[in-house]
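Scroll down for the structure; my scribbles are underneath it.
Values in this text are rule-based calculations from the coordinates and carry no lab data. Source: prediction; values computed, not measured. Glycine also receives a Cβ, built like all others from the backbone with ideal geometry; neighbour counts cover every protein chain displayed.
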């Protein structure tokens, strides 16, 4: 192989290695985030499980938050919505 092509090949190989190293670094950072959010979700799932199994009393703060969110969702058109009962026998 000509010397010019060998130089290009070597440069491309170094660039490829740089991409590989960046990919590895990216995967490590992604995994750190995954672990962080796995911990957060574990806490939420644990709390949810306690409520489902009635292991803890209902939090007034959570009920208030629910009511606040529900109030924010309602607008002038909310009351205009009509919900037609579904006849499950026809399904």
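Going through (1) 79, 38, 34; (2) 53, 24, 15; (3) 59, 30, 17, the figure that equals Cα extents along the principal axes in Å as computed for the structure here is (1).
The length gained by stretching the chain between residue 38 and residue 78 to full extension, at 0.36 nm per residue less their Cα-Cα distance, is 10.7 nm. Taking the longest Cα principal axis of the chain as reference, the axis of helix 3-52 is set at about 20 degrees.
Using the Cβ-Cβ distance between residue 87 and residue 61 with R0 set to 41 Å, the FRET efficiency from 1/(1 + (r/R0)^6) comes to roughly 0.55. Relative to the dominant Cα principal axis of the chain, helix 60-73 is inclined by about 90°. If R0 is 41 Å, the Cβ-Cβ spacing of residue 19 and residue 47 corresponds to a FRET efficiency of close to 0.45.
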